[in-house]
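Coordinate-derived values only; no laboratory data. Everything numeric here is computed off the predicted structure, so don't read it as measured data. Counting neighbours? That spans all protein chains shown, and the Cβs are built from the backbone with ideal geometry, glycine included.
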Amino acid sequence: MDFATWWMTGLWIAAGALLGAGLHALWLRNRRAEEHLAPNKWPLAARSLLTGEERKVLQWLTAAFHDHIVMVKVSVLRYTVPTPKGGNHETRRRQDILNGVHCTYTVCTPQGLVVGCVDLPGKRGLSQAQRAFKEKLLADCGIAYTVVVLTDLPKGTSMRAAFLGEAQQEQLPHQTTLGGDSNFQADLASFNRRAKQVAKDAALAQLNKKPGKGS
């Protein structure tokens, strides 16, 4: 057998080996795809999003904030976004931390602006560390946070004062309807915003002083 014959034979063997390797890879890929196909019937059963206690607190909270939207078990990442401070690695790390954080209830305006969050401890309770973490996290975003128990729910007016600052707003002079130059109006609006925030902070602090919270 001359050199050309040997060369052609080797070429065919190499080509066959490559073809076989390619077919094997294709078979493996198709097998993996078949393994990930959805089953004909999912081995799952539907369940309620809320427990009996959670439904009762939802009804109370919806009545207290009748002009707002109350959502349940929404991830904090749905209404917050990490700033790029610290670089991409630090941003991803913060996202990983926040990914599993949610509150039982989230109260927002009809426009979707979150004004406060409420936790109802489950059977495992809510540790002081967990509560402090959420309280600090949401406070940094300007969002009120409190914990309630079904057997000792606060008054709806107290909740609205803590989340909206309404009590203080009712006491503010209605001078915005009067005349005056733009500087006066701007100063008055700024004063009203500060007074409202002070009222919210005071009401929230009072709300969170109630004994038994977070136990």
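Overview of values
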read-out: Sorted by Cβ neighbour density within 10 Å, fewest at the top, the residues Arg93, Arg47, Arg160, Arg194; value: Arg47, Arg194, Arg93, Arg160
read-out: Greater than 21 Å apart at Cα, pairs in Lys73/Lys134; Lys56/Lys134; Lys73/Lys136; Lys56/Lys136; Lys155/Lys200; value: Lys56/Lys134; Lys56/Lys136
read-out: Which of Glu90, Glu135 has the fewest Cβ neighbours within 10 Å, and the rest in rising order; value: Glu90, Glu135
read-out: Ranked list, fewest to most other Cβ atoms within 10 Å of each Cβ, for Leu113, Leu137; value: Leu113, Leu137
